[in-house]
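Novice: Below are the structure tokens for one structure; questions will follow.
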Amino acid sequence: MPGMAKHRAGHASATHLTTSPPRLPANAAKYLSAARAALAAGDTRAANAHWLMLSTLQPDHPLTCRLHGEVMWASGDAERAASAWRIALTSEPHDAELRTQFARALEATDRSEEALRLLLNTPVESDADDWLVVGIELDRQGHTADALAAANRALALDIALAQARLLRARCRQISGDAPAA
């Protein structure tokens with residue numbers, strides 16, 4: 001979600017600070033950085049090569065698993081992306097962006113019900129930004145009532161979150177409750 005990274009960068013929460021994966025050693029971090037740069041440039045071959053190097057140094061690190069999912073997704077392999085993100089989510093259960101990536105991969109592999117359960121099982125202690133990210137994905141997948149509930153949860157935590165207000169208005173409009181939007 002392109003607009004979210006900018007918003008989230010200036011709004012760290014205790015949830016994110018306490019559940020961040022351990023840092024990669026410098027020699028491994030350079031491969032993560034190079035792989036992400038390759039992905040941004042659309043070079044999945046280079047990204048995969050950097051991921052392979054990272055996986056030899058830090059095979060079980062959550063960022064390695066997450067990167068594997070990103071590389072597989074960019075390569076068009078939703079099944080392998082889902083498998084990698086499933087592993088990464090066990091180490092980072094409070095990461096809403098990872099959760100929505102995983103849900104998107106599940107949906108792409110015809111496991112929509114599992115994707116919905118995953119999104120609906122977002123940890124209750126998640127912050128407003130997390131609920132917004134989950135709400136946007138629920139809306140994208142066509143679960144309007146659940147997206148509305150996520151938007152309301154985000155607004156209960158941060159009433160000033162403009163994107164959550166827009167999501168709530170959109171959901172209300174789709175569900176026929178336009179005057180309330």
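Read the figures in this text as sums done on the coordinates, not as results from a lab. Values in this document were obtained by computation on a predicted structure and should not be read as measured data. Cβ coordinates were reconstructed from backbone atoms using ideal geometry, including for glycine residues, and neighbour counts include every protein chain displayed.
Novice: How far is helix 78-91 tilted off the main Cα axis of the chain, in degrees rounded to 10, range 0 to 90?
Specialist: 80
Novice: Now a separate question. Evaluate 2.2 N^0.38 Å with N set to the residue count of region 62-148, then give the Cα radius of gyration divided by it. Working shown, then result.
Specialist: Values: Rg = 12.0 Å, N = 87, 2.2 N^0.38 = 12.0 Å.
Here the answer is 1.00, to two decimals.
Novice: Then there's this: 5 Å is the cut-off here: which amide hydrogens, built 1.01 Å from N in the peptide plane, fall below it relative to GLN141, excluding neighbours closer than 5 in sequence?
Specialist: none
Novice: Just from its helices, what would the mean residue ellipticity at 222 nm be for the chain, if runs of 4 or more DSSP H residues each count -39500 (n - 2.57) and the sum is divided by every residue, rounded to the nearest 500 deg cm²/dmol? All intermediate terms of the calculation are to be shown ahead of the outcome.
Specialist: Working: 11 runs with 132 residues, N = 181.
Result for the chain, helices only: -22500 deg cm²/dmol.
Novice: For ARG117, ARG165, what ranking results if the residue with the fewest other Cβ atoms within 10 Å of its Cβ goes first? Write down the numbers at each step before the final one.
Specialist: Working: ARG117 12, ARG165 15.
Arranged by neighbour count, lowest to highest, ARG117, ARG165 become ARG117, ARG165.
Novice: Something else about it: Local charge sum around ALA29 (other residues, Cβ-Cβ under 12 Å, Lys/Arg +1, Asp/Glu -1)?
Specialist: Combined, the nearby Lys, Arg, Asp and Glu give +3.
Novice: A further question on this structure: Starting from 0 in steps of 10 Å, tell me what percent of the Cα-Cα pairs of the chain lands in each bin.
Specialist: Going out from 0 Å in 10 Å bins, the chain shows 10, 34, 34, 17, 4, 0 percent.
Novice: Ok, one more. Points 7 angstrom from Cα along the Cβ direction at ALA160 and SER175: gap in nanometres?
Specialist: The modelled label-to-label distance comes out at 2.7 nm.
Novice: Then there is this: Per residue of region 171-176, what does 6.51 cos²θ - 1.76 cosθ + 1.60 with θ = phi - 60° give for ³J(HN,Hα)? Whole Hz please, x for Gly and Pro, Karplus curve as stated.
Specialist: So the J values, rounded to whole Hz, are 5, 5, 5, 4, 7, x.
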